[in-house]
Amino acid sequence: MMQKKFDKKKLEFFKKLLLKLKEDFVRDINNISQSPNGGVGSESRDASGHVQHMADVATDLYDREFSLGLASNEREVLYRVDLALKKIEDKTYGTCTECDKSISEARLKAIPYAETCLKCQERIESEKR
C-alpha cells in the first residue's frame, strides 16, 4: 500500500539537505586524496634521505589504507545521496525499496539517503547476522 508522498516544501527541504551532504562528502574525499597519508605510493625515506624505521613505514602504510578506506566509504554514501536526489526528481523519494511504504520523516531527517523504512532495515540487518 503506497502512503502519501511529501509535499513540494518537504521535498525541497530534503533536496537542500542532500545537496549539503554531497558538498561535504566531495570536499572530504578531495581532502583525503590530497593529504600526504591519502596519496598512493610509499615514502620510505625521511626528508634528509635516511631510510625510515620499518615501524614508521608500516604506520604510514596503515594511515594510507585507512584514508583510502574512508574515501571508499564516503564514495558509497555519495552514490546513495545521488540516488536519493534522483528519487526526488522522479517523485519516488521517501518510499521504501523493500515494502513500498513511506519511510518516516524522522528517519529521513537522520539519514536523508535512506532507501528502506526502519522495519525493513532492521530485518535486513538481522538477516546479515
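FYI, it's all coordinate maths here, none of it is from the lab. On a predicted model such as this, the values are computed, not experimentally measured, just so you know. In this analysis, Cβ positions are derived from the backbone assuming ideal geometry, glycine residues included, and neighbour counts consider all displayed protein chains.
At a glance:
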{"read-out": "Two-site FRET efficiency, SER104 against GLU74, from Cβ-Cβ distance with R₀ of 35 Å, rounded to 0.05", "value": "0.90"}
{"read-out": "Listed pairs LYS9/LYS119; LYS15/LYS91; LYS91/LYS128; LYS16/LYS86 exceeding 23 Å between Cα atoms", "value": "LYS9/LYS119; LYS91/LYS128"}
{"read-out": "Full-stretch length increase - ASP24, GLU125 - with 0.36 nm per residue and alpha-carbon distance subtracted", "value": "33.6 nm"}
